[in-house]
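Before anything else, here's the structure in question.
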Amino acid sequence: MMRTPRLRRALPWIALALGACQSAGPANFSGSYSGTGVPSSAIGGACAGQIPVNGMVVNGTDVVFGAFHGTLNGFGGVQMQDGPNIVQGYFHPGRFDGTWFQPYPACTYALTLQRAP
């Protein structure tokens, strides 16, 4: 593989940025999250419209949301599965942004959740 001069100049900056992200240590996302799910895609208009989303709880690196259970990765991401249903996304200070896919009826919701004070 041949590297271009532009990429060669960018590599040290990319490495520096990744090192800064990793050296900051894990953020504390523990708490209870709630918000809304907004349809982002549907096959045949199967989504129920905007839905309330409550009860996502983070305790350390463990995430529980109803029947969904998962573990945070080093970048605040999580992917959880309950049968064919999938919830995935990223935690940021005070919020969670992700998606909830359900195949029956086929629908994907964009999730925006806020951590309770």
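The values are calculated or read from the model by the stated rules, or taken from the named source; none is laboratory data. Being a predicted model, the structure only gives us computed values, none of them experimental. So basically every Cβ, Gly included, is an ideal-geometry build from the backbone, and we count neighbours across all protein chains shown.
Just one of G55, G35, G70 is small (G, A, S), in contact with a Leu (Cβ under 7 Å, 6 or more places away or on another chain) and modelled with pLDDT of 95 or more; which is it?
G35
What is the one condition in (1) modelled with pLDDT under 95; (2) surrounded by 13 or more Cβ atoms within 10 Å (Cβ to Cβ); (3) under 18 Å from the mean Cα position of the chain (by Cα) that A27 does not satisfy?
(2)
Provide a single number: the residues in the range 65-91 that are assigned to a strand (DSSP E or B) and under 9 Å from the mean Cα position of the chain (by Cα).
Counting residues in the range 65-91 that are assigned to a strand (DSSP E or B) and under 9 Å from the mean Cα position of the chain (by Cα) gives 8.
Scan the range 86-116 for residues that are surrounded by fewer than 19 Cβ atoms within 10 Å (Cβ to Cβ) and within 12 Å of S34 (Cβ to Cβ) and jot them down.
Once the filter is applied, which keeps residues that are surrounded by fewer than 19 Cβ atoms within 10 Å (Cβ to Cβ) and within 12 Å of S34 (Cβ to Cβ), the range 86-116 yields R95, T112, Q114, A116.
From F101, F91, F96, grab the single residue that is touching a residue at least 12 places away in the same chain (Cβ under 8 Å) and either within 12 Å of F68 (Cβ to Cβ) or among the hydroxyl-bearing types (S, T, Y) (or both).
Testing whether each residue is touching a residue at least 12 places away in the same chain (Cβ under 8 Å) and either within 12 Å of F68 (Cβ to Cβ) or among the hydroxyl-bearing types (S, T, Y) (or both) leaves just F101.
Kindly provide the set of residues from the range 41-67 that are within 20 Å of N28 (Cα to Cα), of a type in the set (A, V, I, L, M, F, W, C) and in contact (Cβ under 8 Å) with a residue 12 or more places away in the chain, ordered by number.
M56, V57, V58, V63, F65
Still on this model: Please indicate, with yes or no, whether at least one residue in the range 5-21 is at pLDDT 75 or above and surrounded by 11 or more Cβ atoms within 10 Å (Cβ to Cβ).
Taking every residue of the range 5-21 in turn, none turns out to be at pLDDT 75 or above and surrounded by 11 or more Cβ atoms within 10 Å (Cβ to Cβ).
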